[in-house]
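Below you will find the structure I want to go over with you.
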There are 2 protein chains.
Amino acid sequence: MSPPGAIEVEAVTDTSGVTIPDPLSVPFKSNEIYGRRRKTDKSQWGVAAPANSVNFRSQSHDHKPMAKRWDGHISNEATIRKGNSLKQAAKYLGKPGLISLGGGLPSSEYFPFEQLSLKVPTIGHFSESETKDSGVTITAGKHDLAEGKAIFDISTAFNYGQGSGSAQLLRWITEHTEMVHNPPYSDWGCTMTVGSTSALDMALRMLSKPGDMMLSEEYTFATAVETALPMGVRIAGIPMDSEGLLPEAMDSILSNWDAKARNASKPHLLYTVPSGQNPTGATQGADRRRAIYRVCQKHNIYILEDEPYYFLQMQPYTGPNAPDIPPPTSHAEFLKSLVPSLLSMDVDGRVMRLDSFSKVLSPGSRIGWITASEQIIKTYQKHADVSTQGPAGMSQLILWKLLDEHWGHPGFFDWLIHIRMEYTRRRDVMLNACAKYLPTEVVSWAPPMAGMFHWLKIEHTKHPDYPVKSIEKIEEEIFLRVIHHGALVMRGSWFYANADEKHNTLFFRATYAAAPAEKIEEAIRRLGEALRVEFKLETQEKNGNGKA
Amino acid sequence: MSPPGAIEVEAVTDTSGVTIPDPLSVPFKSNEIYGRRRKTDKSQWGVAAPANSVNFRSQSHDHKPMAKRWDGHISNEATIRKGNSLKQAAKYLGKPGLISLGGGLPSSEYFPFEQLSLKVPTIGHFSESETKDSGVTITAGKHDLAEGKAIFDISTAFNYGQGSGSAQLLRWITEHTEMVHNPPYSDWGCTMTVGSTSALDMALRMLSKPGDMMLSEEYTFATAVETALPMGVRIAGIPMDSEGLLPEAMDSILSNWDAKARNASKPHLLYTVPSGQNPTGATQGADRRRAIYRVCQKHNIYILEDEPYYFLQMQPYTGPNAPDIPPPTSHAEFLKSLVPSLLSMDVDGRVMRLDSFSKVLSPGSRIGWITASEQIIKTYQKHADVSTQGPAGMSQLILWKLLDEHWGHPGFFDWLIHIRMEYTRRRDVMLNACAKYLPTEVVSWAPPMAGMFHWLKIEHTKHPDYPVKSIEKIEEEIFLRVIHHGALVMRGSWFYANADEKHNTLFFRATYAAAPAEKIEEAIRRLGEALRVEFKLETQEKNGNGKA
């Protein structure tokens, strides 16, 4: 008995000569797995069975070029790491009638869990209150696999697994990646991570060595800097505009690289957040991405494309008084509305894309995945096998029940459209409040197109104490003034990619992700009030009811 | 409304002068949290709130000495790693009325999970069939914390957390550690890991550098070797007997360390598995542990005490025909039956103990914890914050519901006694089969006292091809012969701590953890058959019905 979402559609045993329809041309049906699934070897659903992403691609990619090799980029640590030696025994396990006293896996008899249930939204009724009313309960039993009820269960998911993650969830992830990005080289694959923070830690240990410099946006995710620095990897910041990093500036930095002055050889690695970048909220357009990719080709740069906010791309901002733009009417329209990823233009296999469920489902799963060429995937998995061992099976089972068995791909796309509209609404609350309350003589911004962050540029040259006081000192005074007025925003300098480089801009970051609408509006009002005091501007007449 | 397991007993606000009864002298009551809980700050139950193990110790440890400092042992990477810079903003969050647009945490409004339920055993009815019949369903709601129903819920656990893990589960872990080990120095604490494999990876990055040698048992956990080698850390194996590593041999290796010949400076790190060691099954007795600790003091060695099998200590083996020894009749008796840990004798704070739920609850939680001095704990947490970010919140909520709210400490101890008796039964099946079927002319063993593994010593000198063929070649031939007869056991050489060192012993490892009793017996019968053929011994008369 298969639950509705897990229907195995007509199996295609050999896809090489078979014409498969363009994913986007096929209408999605609610609660059905989109696309065709190849007949797969059932042994991979078993306890700690090896999982290979390539088995789960719905169509052949053999007509595409192979990825380049990255041997020169890969660290000594990663090069000498061998696979798990005990797996040498695994090849004998297929012998009929063999009794194994080999692997030290505990028996599921001693897992004190008989059943796991989740109440989750039905497709199209996604809000908290609708979920309370119309949500359904989905259930995993302990021995569903042996009993033929499902291909994933407690006895399997709660035991040891592989560094790749389980075949069950890896199949869903691979299908999703194929539909959304369809990488233009043949030997691409996916492997799970315990979240993108860990994936970055592991990627840097694979692709850099102490003394290296890595490229990144000049304002960047602070944790990325803090992950890199202790490994002896510094960051060279690349100037940005409202579309993120500037390819010409990157080209110029690389072409004129002075190894002596920088005390580092020419970089071979770019860390970038193309959509809704943290902290700037900048989203690289399609042309910008192509230009960046070309510069990376020119200088043989390997790219870490960190995309937690990819599905937080929002509707265009129409201003405070214009009507909202209606949501996408089909999944095809939704997918076309997204800026194409670097992965989708990666003819060389020079991109490791980092995806995450944290912003679109829940950070507490600690499940993400990377997509890259087979060489990079295998190297990553070898490290995972002797460190994280892949994401928690408990989380994997929860996500698989929801994403594969219950929602399927179409339900997940519906959910992503829901999230898109919710973030659009939140962003618009903030932008409308900024238009209403902030003194545009000293603060300016571009509407964020993706992500969680609004980036406010302060004209520090208009500050009464400039240039007597440094930018960082003025930033601190404004920061404390805003707190005094009852709001907290983050200081731009906390996101310097390289604190040793000179900066002559001053920014604050405000998020619309967490607070309710009325709180967002009130916080922005207080921010405006504080800025007026700080810059000795006149109190705002029309809303001049500040408390200071 | 508090569920029965979560009763907050009389709060002790200041424990420094209060006499608290010896844990073991107090009778445990079913389904009640053992011991006293201090009044704790409720803010630590919130989303991504900082958690400090020290807050959860039930009694004062101030009368004990402080741990030594380990600055000279700590790597450059770990020394320069700073805390998360964005936490600088956290200190302002306490200001009344402040609206934060700071942290980029997603709103739980967008977590598509309304309720999570688990069917689990009631205390004392732990078998799978009993759980089916009499198991209870425990449930976590999305907003239980805000609604005052529980201190942990979906909206909290499924959001981001700290590298330490949540305060909720860390409290339970700290209490458990205090009851079982009661470390003899004052500034000890616990922090969660994503499993001991990851903890070892992170510990080695903290406590070693490329070129170092680390000490370990001469046969050791293969994954530990594979974790260390790519970091440039080799292992020096220490000779063992049936009680594990030999302290005199360790002292001699260290006292006579030849840095030139070894191409490494004198080691400062010991990796040891004191109970049910993998692969040898050896368990260090209390005196052995004290002797090892003294040698570590003499040479200022820091100890990684990896103890996944600590609670798989079994009843004494009485032989095939003697009556079984009845289970412990109280938790106090149970705890006293356990060999004291190195942590429990650690007056210097020179032990990092690695604990795991994998062998006693389920590997799929990917939750373990370390116990060490504050200096080591803080250093570890800083790395977790920028890599794993701590264990999955989904797993944390599942374990907390079971361990804290449902079972409490007494229920968990009952469960551990259940597991102890189950493993005793499994081990006895294997030992009885060995006594029945194995040719003792060429194979010998000691009954394992803990863990999952039985270690069989082969008299390779009696092999017809010895010494013409090497030990490893003979080992391979026996291995393949056993497979031919339909059983799989692991080759001892796969567990060499250092493949470059010369070995003159030959072993196989067999596990009794996974297969059912009748399969264990049959596999051992086949092993005996294969050994007889390989060593050209006479076929066993009384059971001579082999199929070869």
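Taking A:W407 and the conditions (1) more than 19 Å from the chain's Cα centre (by Cα); (2) more than 30 Å from A:I173 (Cα to Cα); (3) in contact (Cβ under 8 Å) with a residue 24 or more places away in the chain, which numbered condition does it fall short on, given that it satisfies the others?
Going through the list (1) more than 19 Å from the chain's Cα centre (by Cα); (2) more than 30 Å from A:I173 (Cα to Cα); (3) in contact (Cβ under 8 Å) with a residue 24 or more places away in the chain, A:W407 breaks only (2).
If A:L270 satisfies all but one of (1) touching a Phe, Trp or Tyr at 6+ places or on another chain (Cβ under 8 Å); (2) surrounded by fewer than 21 Cβ atoms within 10 Å (Cβ to Cβ); (3) without any contact (Cβ under 8 Å) to a residue 60 or more places away in the chain; (4) among the hydrophobic types (A, V, I, L, M, F, W, C), what's the number of the condition it fails?
The failed condition is (2).
What about A:L105, is it under 29 Å from A:I370 (Cα atoms), at pLDDT below 95, assigned to a loop (DSSP other than H, G, I, E, B) and not assigned by TED's automatic domain parsing to the domain that holds A:Y293?
yes
Let me ask something additional. Return yes or no: is A:T379 within 12 Å of chain B (Cβ to nearest Cβ), closer than 19 Å to B:G195 by Cα and of a type in the set (S, T, N, Q)?
no
Of all residues in the range B:35-68, count the ones that are in contact (Cβ under 8 Å) with a residue 12 or more places away in the chain, over 18 Å from B:E175 (Cα atoms) and touching a Gly at 6+ places or on another chain (Cβ under 9 Å).
7
I'm trying to understand the selection: among the residues of the range B:141-162, which are at the interface with chain A (Cβ under 10 Å from one of its Cβ atoms) and either open to solvent by less than 30 Å² (accessible area, probe 1.4 Å) or touching a Lys or Arg at 6+ places or on another chain (Cβ under 8 Å) (or both)?
Matches in the range B:141-162: B:G141, B:K142, B:I154, B:S155, B:T156, B:A157, B:F158, B:N159.
Return the pair list, or none, for Cβ contacts closer than 7 Å from residues in the range A:499-520 that are closer than 13 Å to A:P279 by Cβ and among the charged types (D, E, K, R) to residues that are assigned to a loop (DSSP other than H, G, I, E, B) and open to solvent by less than 60 Å² (accessible area, probe 1.4 Å), at least 6 apart or on different chains.
Taking only residues 6 or more apart or on different chains, the pairs are A:R509/A:P279; A:R509/A:V489.
Answer yes or no: is there a residue in the range A:431-444 that is out of contact with any strand residue (DSSP E or B) (no Cβ under 9 Å at 6 or more places or on another chain), within 28 Å of B:L397 (Cα to Cα) and in contact (Cβ under 8 Å) with a residue 40 or more places away in the chain.
Within the range A:431-444 (the criterion being out of contact with any strand residue (DSSP E or B) (no Cβ under 9 Å at 6 or more places or on another chain), within 28 Å of B:L397 (Cα to Cα) and in contact (Cβ under 8 Å) with a residue 40 or more places away in the chain), the answer is no, since none of the residues qualifies.
Moving on to the next point. Looking at A:I417, is it of a type in the set (A, V, I, L, M, F, W, C), part of a helix (DSSP H, G or I) and away from chain B (no Cβ under 12 Å)?
Yes, satisfied.
So, one more: Can you name every residue in the range B:258-279 that is in contact with a Gly (Cβ under 9 Å, 6 or more places away or on another chain) and part of a loop (DSSP other than H, G, I, E, B)?
B:N263, B:A264, B:S265, B:H268, B:V273, B:P274, B:S275, B:G276, B:Q277, B:N278, B:P279
Can you tell me which residues in the range A:96-126 are more than 7 Å from chain B (Cβ to nearest Cβ), under 34 Å from the mean Cα position of the chain (by Cα) and within 17 Å of B:A515 (Cβ to Cβ)?
Matches in the range A:96-126: A:S108 only.
Kindly evaluate B:A523 against the criterion of being small (G, A, S) and crowded, with 22+ Cβ neighbours inside 10 Å.
Spelling it out, B:A523 is indeed small (G, A, S) and crowded, with 22+ Cβ neighbours inside 10 Å.
Continuing with the same structure: Name the residue that is least open to solvent (accessible area, probe 1.4 Å), counting only residues in the range A:45-75 that are farther than 20 Å from A:H181 by Cβ and touching a strand residue (DSSP E or B) at 6+ places or on another chain (Cβ under 9 Å).
By that ranking, first place goes to A:H73.
Of the conditions (1) within 30 Å of A:F334 (Cα to Cα); (2) facing chain B (nearest Cβ under 10 Å); (3) charged (D, E, K, R), A:R171 satisfies every one except a single condition; which number is it?
(2)
Quick check, is B:A236 farther than 27 Å from B:I173 by Cβ and modelled with pLDDT under 95?
No: the conditions fail for B:A236.
Turning to a different aspect of this structure: From the list A:L229, A:L246, A:L215, pick out the single residue that is more than 14 Å from chain B (Cβ to nearest Cβ), surrounded by fewer than 21 Cβ atoms within 10 Å (Cβ to Cβ) and aliphatic (A, V, I, L, M).
Going through A:L229, A:L246, A:L215 in turn, the sole match is A:L246.
If you don't mind, there's one more thing I want to ask. If I go through the range B:420-472 residue by residue, how many of them are open to solvent by 40 Å² or more (accessible area, probe 1.4 Å), part of a helix (DSSP H, G or I), within 14 Å of chain A (Cβ to nearest Cβ) and of a type outside the set (D, E)?
Number satisfying all stated conditions: 2.
Of the conditions (1) surrounded by 19 or more Cβ atoms within 10 Å (Cβ to Cβ); (2) out of contact with any helix residue (DSSP H, G or I) (no Cβ under 8 Å at 6 or more places or on another chain), B:F126 clears all except one; give me its number.
(2)
Quick one: B:G390 ticks every box in (1) open to solvent by less than 10 Å² (accessible area, probe 1.4 Å); (2) part of a helix (DSSP H, G or I); (3) farther than 23 Å from B:Y219 by Cβ bar one, so which box is it?
For B:G390, the exception is condition (2).
The values are calculated or read from the model by the stated rules, or taken from the named source; none is laboratory data. Just so we're clear, the structure is a prediction, and the values are computed from it rather than from any experiment. In this analysis, Cβ positions are derived from the backbone assuming ideal geometry, glycine residues included, and neighbour counts consider all displayed protein chains. Quick note on the areas: whole protein, heavy atoms, side chains included, nothing else; ligands and nucleic acids left out. Shrake-Rupley method; radii C 1.70, N 1.55, O 1.52, S 1.80 Å.
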